[in-house]
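Reading through the structure tokens given below for one structure.
The values are calculated or read from the model by the stated rules, or taken from the named source; none is laboratory data. Keep in mind that this is a model prediction, so the values were computed, not measured. Cβ placement follows ideal geometry from the backbone for every residue including glycine, while neighbour counts extend to all protein chains displayed. We work out accessible area using only protein heavy atoms, side chains counted, and drop any ligands, DNA or RNA first. Shrake-Rupley method; radii C 1.70, N 1.55, O 1.52, S 1.80 Å.
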Amino acid sequence: MITTAPTTADRDPFSDIKIATLAHLKQHGCGCYPYSDGSLLATLTAATKATTVVELGTALGYSAAWFASTGAHVHAIDSDPVHSRRAYDHLARHNLADRVSLHTGEGTHILPTLALTGTDIAFFDGHAPTVAAIRACVML
């Protein structure tokens, strides 16, 4: 029997989002970075049985896709409306849009408006969180 090495898509079902994010970063230089190991995010989410995730810094949806792939509901926040639109398109293509609520604006303004009864995971994607952002997450 002849076997072939797994392709990138076999190892990472969301590699198209990661590739698009890196291309967007190169073209726009906007600080749009995909998390390096999305499968780790899914593993942590599944292992903790997380049902609600808040992500600050969504970019084009790579991390949100991994979180949502576990069945968790993701509140993805990004200040850039272009990123939010592109993230929605990527998530919809992967049939995950119904598991992700996209919010556009500053996290410290959006977090207090979310009517959440609890959050299992808060993920700061691509940047160190401010004290204000941490406080806002603690209040969820």
Practice problem: Restricting things to alpha carbons, find the Rg to Rh ratio for the chain using the Kirkwood radius for Rh. | Solution: 0.99
Exercise. At most 13 other Cβ atoms within 10 Å and a DSSP loop assignment: could you name the trypsin sites (Lys or Arg not before Pro) in the range 9-68 that fit?
Key: K49
Quiz item: Carbon and sulfur atoms: what percent of the 1.4 Å accessible area of the chain do they account for?
Solution: 57 percent
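How high is the FRET efficiency between E106 and H28 when r is their beta carbon distance and R₀ equals 22 Å, given to the nearest 0.05?
Efficiency for this residue pair is about 0.70.
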